[in-house]
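Enquirer: I'd like to ask some things about the structure below.
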Amino acid sequence: MKIAVIQGPNLNMLGVREQHIYGGMTLEQIHEQLSNAAAQNGVEIEFFQSNFEGEIVDRVQECLGTVDGIMINPAAYSHTSIAIRDALAAVNMPVVEVHISNIYKREEFRQKSITAASTTGVITGFGGFGYHLGLIALIQMLNEIKA
Ligand code: DQA
């Protein structure tokens, strides 16, 4: 089983940016923990981060036929990107959207995710641990498809 983890803009700044909201872990540390959990479950992960919307669209499209599922934090593009939403709909595979912060507790403009409508489900507000929850959810969904 192979999954793509796709991280949107400014997530490369985790550990530095607004630590009271996003915590102190760097993206590398989150990915390391995720790699360990994935290895224990026999899952292979391809990691990707970009600050550019079109690169994220390209990366989502590349998932077709190369991975079984996607875990994505589109970050600020969650609230604006019809292009990423359409790309996720196009590849038509299990997708978990993760937000580190609880977007419903934040500014009004963050409370709507445009991309979420093209995902299987959303995990929001559990900090870096949300990626772990997302991995478990994806494994479960992919196993259900196989069964
Ligand atoms: C975020 C929430 C977004 O509103 C914000 O723009 C981010 C990160 C989160 O993980 O909590 O960059 O997606």
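Enquirer: Could you grab me the full set of residues in the range 58-78 that are outside any loop (DSSP other than H, G, I, E, B) and surrounded by fewer than 17 Cβ atoms within 10 Å (Cβ to Cβ)? If you could, list the steps in order and put the result at the bottom.
Expert: The initial filter retains those residues of the range 58-78 that are outside any loop (DSSP other than H, G, I, E, B), namely 58-62, 69-73, 75-78.
Within the range 58-78, D58, Q61, E62, A76 meet the criteria.
Enquirer: On the given criteria, is I21 surrounded by fewer than 15 Cβ atoms within 10 Å (Cβ to Cβ), within 16 Å of the ligand (Cβ to nearest atom) and aliphatic (A, V, I, L, M)?
Expert: In short, yes.
Enquirer: Residues to consider are E32, E55, E46; find the one that is outside any helix (DSSP H, G or I) and of a type in the set (D, E).
Expert: Details: E32 fails: outside any helix (DSSP H, G or I); E55 fails: outside any helix (DSSP H, G or I).
The conditions single out E46.
Enquirer: What are the residue pairs meeting all of these: first residue in the range 1-18, first residue part of a loop (DSSP other than H, G, I, E, B), second residue acidic (D, E) and at pLDDT 95 or above, Cβ atoms under 6 Å, and 6 or more apart or on different chains?
Expert: Filtered contacts from the range 1-18: M1/D68.
Enquirer: Taking S81, is it among the polar types (S, T, N, Q), modelled with pLDDT of 95 or more, near the ligand (Cβ under 10 Å from one of its atoms) and touching a helix residue (DSSP H, G or I) at 6+ places or on another chain (Cβ under 9 Å)?
Expert: Criteria not met by S81.
Enquirer: Determine, yes or no, whether V98 is of a type outside the set (D, E), buried (at least 18 other Cβ atoms within 10 Å of the Cβ) and not in a helix (DSSP H, G or I).
Expert: So V98 passes the test.
Quick grid of which residues meet (1) of a type in the set (A, V, I, L, M); (2) over 26 Å from I21 (Cα atoms); (3) within 14 Å of the chain's Cα centre (by Cα):
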| residue | (1), (2), (3) |
| --- | --- |
| F47 | no, no, yes |
| C63 | no, yes, yes |
| E107 | no, no, no |
| G130 | no, no, yes |
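Enquirer: Inspect the range 94-103 for any residue being touching a residue at least 60 places away in the same chain (Cβ under 8 Å) and more than 12 Å from the chain's Cα centre (by Cα) and give the result as yes or no.
Expert: Yes, the conditions are met somewhere in the range 94-103.
Enquirer: Restricting to the range 112-126, what's the tally of residues that are surrounded by fewer than 17 Cβ atoms within 10 Å (Cβ to Cβ) and either near the ligand (Cβ under 9 Å from one of its atoms) or assigned to a helix (DSSP H, G or I) (or both)?
Expert: Matching residues across the range 112-126 total 2.
Enquirer: So, in the range 36-69, exactly how many residues are more than 15 Å from the ligand (Cβ to nearest atom), in contact (Cβ under 8 Å) with a residue 40 or more places away in the chain and of a type in the set (A, V, I, L, M, F, W, C)?
Expert: Looking only at that region, the number is 9.
Enquirer: Another question, then. Across the range 80-95, what is the total count of residues that are of a type in the set (G, A, S) and either in a loop (DSSP other than H, G, I, E, B) or within 29 Å of H20 (Cα to Cα) (or both)?
Expert: Count: 1.
The values are calculated or read from the model by the stated rules, or taken from the named source; none is laboratory data. Source: prediction; values computed, not measured. When we count neighbours, we look across all protein chains shown, and the Cβ atoms used for this are built from the backbone with ideal geometry, even at glycine.
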